[in-house]
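Chemist: Have a look at this one before I ask anything.
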Amino acid sequence: MVVVQVSYAVVSILYKLVANNNGMSLCVLVAYRYLFASIFMVPLAYFAERKSKPKITAEVLFQAFLCGLFGATLQQNLYVEAVVLAGVTYATVMYNFIPGATFILAVCFGLERLNIGTLSGKAKVIGTLMGISGAMILTFYKSTEIHLWSTHVNLLKHHLQPQNVSANNIWGSSLALGTCISYSIWLIIQAKMSEKFPWHYTSAALMSVMASIQSIIFALCVERGDWNQWKLGWDIKLFTALFAGVVASGIVWVMIAWCVRIKGPLYASVFNPLFLVLVAIGGSLLLDETLHLGSVIGSLIIVIGLYIVLWGKGRELKKIIEVQPLEIITTKLQDAKSLEIDDNIVVKENNYL
């Protein structure tokens, strides 16, 4: 999940460079992203899982359609539009509501237990709130500047004009909130899909194909008649589309699907606040952006909150692992007593229990 957030941070910086230096329509870039993801994932899924013969049913296709819609097409196009209207700060900060939204949805759909009376349940709630609070501090509390390092590297050719704080910010923030909710819904659908369809490469391939079809149709509707927006050269636009498609979509989706199946949607979502930390570091190194005291304080709170959630989740999983063998042994004991088999076996089972 840390690798996932690093990939997302790299894509965010590349998006900023493309929008700032090249003026390419970002919805077209999103369409290329999922097109390249499909071209990469379909043959990879075939060679990786052809022996297991995944059963692709109508239900699986519908779930893949929803995953492509909420986890890719809708989520990314809302995000890039929020960046245009409200700026990167307002768009990025909403990502930190993903753990909270996912936790609420997971509890509603029975994928997570609140267990507020237990120590692990309290840890998950407190850690999630700390992650959100730390992200808020990182974004909105600037305070004094910190000059720990300076690479004197600025890849931006020119700075975007600051936007007016007006209705655009409100509308852009609303779209960013929609991005957060869309991503959370995708994690829930992905968890449901993984229960009956545990072939992660095929799942990611199906999602890529659905997302590419949806994104291309959307981009054609938005940029109809302007074919210059679809031209790619040997420049950062092509690199961004390839990296975002192959790494940040194809490979990352496999990682997320695997983590969601093993640890649950809350575990996957709780790493999203690291996205802000990585973007802040990357921006200071590559875009000559200045770090502030609020960034450092917020980052520390995010890391502490993340550790608390992981500790609570680990404690919860440990209890589940301890309880299941006891239930199996108890069942065996009852069966042994009912069959009146050799007392020595029952004694051995009792000792182990």
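Chemist: What pairs come out if I take residues in region 123-149 that are modelled with pLDDT under 70 and exposed (fewer than 14 other Cβ atoms within 10 Å of the Cβ) and pair them with residues that are part of a strand (DSSP E or B) and hydrophobic (A, V, I, L, M, F, W, C) whose C-beta lies under 8 Å away, six or more apart or interchain?
Modeler: So the pair list comes out as Glu145/Leu291; His147/Leu291; Leu148/Leu291.
Chemist: Pairs, please: C-beta under 8 Å, at least 6 apart or cross-chain, first residue more than 13 Å from Thr202 (Cα to Cα) and in region 56-76, second modelled with pLDDT under 90 and loosely packed, with under 14 Cβ neighbours inside 10 Å?
Modeler: Glu59/Lys196
Chemist: Considering only region 38-64, state which residues are outside any helix (DSSP H, G or I) and either modelled with pLDDT of 95 or more or out of contact with any Leu (no Cβ under 8 Å at 6 or more places or on another chain) (or both).
Modeler: Selection gives Arg50, Lys51, Ser52, Lys53, Pro54, Lys55, Thr57.
Chemist: Test of understanding: among Leu74, Leu69, which residue is hydrophobic (A, V, I, L, M, F, W, C) and within 16 Å of Ala176 (Cβ to Cβ)?
Modeler: Matching residue, one of Leu74, Leu69: Leu74.
Chemist: Out of everything in region 108-122 that is of a type in the set (A, V, I, L, M, F, W, C) and at pLDDT below 75, what residue ends up being surrounded by the fewest Cβ atoms within 10 Å (Cβ to Cβ)?
Modeler: That would be Leu114.
Chemist: So, one more: Kindly check whether there is at least one residue in region 231-250 that is among the aromatic types (Phe, Trp, Tyr), surrounded by fewer than 16 Cβ atoms within 10 Å (Cβ to Cβ) and modelled with pLDDT of 80 or more.
Modeler: For region 231-250, residues among the aromatic types (Phe, Trp, Tyr), surrounded by fewer than 16 Cβ atoms within 10 Å (Cβ to Cβ) and modelled with pLDDT of 80 or more: present.
Chemist: Just need a number here: residues in region 278-315 that are modelled with pLDDT of 75 or more, more than 22 Å from the chain's Cα centre (by Cα) and not hydrophobic (A, V, I, L, M, F, W, C).
Modeler: The qualifying residues number 1.
Chemist: Residue pairs, Cβ under 6 Å, 6 or more apart or interchain, first in region 243-271 and farther than 21 Å from Leu105 by Cβ and in contact (Cβ under 8 Å) with a residue 60 or more places away in the chain, second among the acidic types (Asp, Glu) and surrounded by fewer than 19 Cβ atoms within 10 Å (Cβ to Cβ). List them.
Modeler: From region 243-271, no pairs qualify.
The values are calculated or read from the model by the stated rules, or taken from the named source; none is laboratory data. Just so we're clear, the structure is a prediction, and the values are computed from it rather than from any experiment. As a convention, Cβ positions derive from the backbone with ideal geometry for all residues, glycine included, and neighbour counts pool all protein chains shown.
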